[in-house]
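These notes are about the structure you will find just below.
Just so it is clear, none of the values below were taken in a lab; they were calculated from the coordinates. No experiment lies behind these values; they were computed from the predicted model shown. All Cβ positions, even for glycine, are placed from backbone atoms using ideal geometry, and neighbour counts span all protein chains on display.
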Amino acid sequence: MERSEELCLFVIDEEDNETILLHRISPDDIYRKQEDTIISWRDPEYSTELALSFQEPTGCSYIWDNICNVQRNLNFNSLNSETFHSMNSELRELPPIELSTLPLILKTVTESGIADQMRLTELILNDQDFFRKLMDLFRICEDLENIDGLHMIFKIIKGIILLNSPQIFEKIFGDELMMDIIGSLEYDPDVPHVQHHRNFLKEHVVFKEAIPIRDPLVLSKIHQTYRVGYLKDVVLARVLDEATVANLNSIIHGNNAYVVSLLKDDSTFIQELFARLRSPTTLEESKKNLVHFLHEFCGLSKSLQMVQQLRLFRDLMNEGIFDIVTDALQSQDKKLVLTGTDILILFLNQDPNLLRSYVVRQEGIPLLGLLVKGMITDFGEDMHCQFLEILRSLLDSYTLSGAQ
């Protein structure tokens, strides 16, 4: 997507960077998602049926979510015309944010029609202090143990999130507001006890910085991803509609792509990661955290385009990731062994020949032996199935012949 006067979809040839398709995204309901890997539409400008086919469902979902977001924004902008304002003159301004006006704010947020929701979104975005004032009021209510006020603020924040505005999400999911927003959602009037989401996030849903990440924006994106995922899957799992879930997933997907793109191109970061993994002076617990981080890093690569994924996995192979996995599979820690096999499966799903080319060399023999041994070892929890799946993929005649 590239922003100019209009929002467009570009399809570019990866080999010569030639533009294959330039399509202005329409606000009309012309797009269809077929199965998991095809997006089709009839282009009104050229009266032509078009379709995009993707290798991976994740890539298809990412583009589909972005098209939906652009359409929402286009429709939002069209409703901000003079006609819109003349037809919807009832909601002219937001009530002042005070304890006494919470019932009125709640009524405004929860009882608006579709058109008024657009106007409400606009008013919230135009008030630069809206969320800061509301969170100040939340902290006051919490200090005073004003349960009625806390219940109303919960409903207000929930209603605002269900407006499903990307611009509002950008505001409330920033570092300054995010934890207070989640704190306000601890006071659900339909749940008998206060939820302790903030404590859980601080103690359990936290990014372990196994190796220093010096870019503050990368760190911020990582923390935001954890928190948005927790909000989606735990805090508001019962109430979110499909459209809002899709938007939140789009934020998570975009953050993952941003983080892994920057880290993979940081040669100093990659070299330091593998140097610590190889160093005999690295403490055992630190080494475990580094292996878990490496697994998470590989998993994030799913957010990249296929060509970038393959390039990253080749770079990791050249850095010696299979040597690291060989050490992990010899651990007495079952969780670490499982992490090692998960890394291998990620590689096999990407390109089986990367692992094949390693195990047929002299340095790969120990890893192959550990895979065979793991298949007949009783690790419990069906872990031997992981080893069996890896060996089966290595010996698969179809992918093997395809490589030849």
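Per-structure values
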| read-out | value |
| --- | --- |
| Contact order normalised by residue count of the chain, Cα under 8 Å, 6+ apart, percent | 8 percent |
| For the chain, convex hull of alpha carbons as volume per residue, Å³ | 190 Å³ |
| Within straight-line cross-link reach of K171, lysines at Cα separation under 19 Å, skipping those fewer than 8 residues along the same chain | K133, K155, K158, K221, K232 |
| Spatially proximal lysines relative to K334 (Cα-Cα < 23 Å; intrachain offsets below 8 disregarded) | K208, K287, K288, K373 |
| Estimated translational D of segment 295-404 in µm²/s (Stokes, Kirkwood radius over Cα pairs; 25 °C; 0.890 mPa s) | 173 µm²/s |
| For segment 192-301, the spread of Cα positions along each principal axis, largest first, Å | 51, 30, 21 |
| Trypsin sites (Lys or Arg not before Pro) within segment 188-224: DSSP coil, no more than 15 neighbouring Cβ in 10 Å | K208, R214 |
| Loop-resident sites, segment 200-252, for chymotrypsin sites (Phe, Trp or Tyr not before Pro), counting at most 16 other Cβ within 10 Å (DSSP) | F207 |
| Tail beyond 21 Å, pair distance distribution of segment 2-70 (Cα, percent) | 23 percent |
| Residues with amide H under 5 Å from that of C8, placed H, sequence gap 5 or more | E2, I25 |
| Mean ellipticity per residue at 222 nm, deg cm²/dmol - from DSSP H runs of n ≥ 4 across the chain, formula -39500 (n - 2.57) | -19000 deg cm²/dmol |
| Proxy reagent accessibility, fewest Cβ within 10 Å first, across V307, V259, V325 | V307, V259, V325 |
| Qualifying trypsin sites (Lys or Arg not before Pro) in segment 260-328, DSSP loop, other Cβ atoms within 10 Å at most 12 | none |
| Kirkwood hydrodynamic radius of segment 82-261, from inverse mean 1/r over distinct Cα pairs, in Å | 17.4 Å |
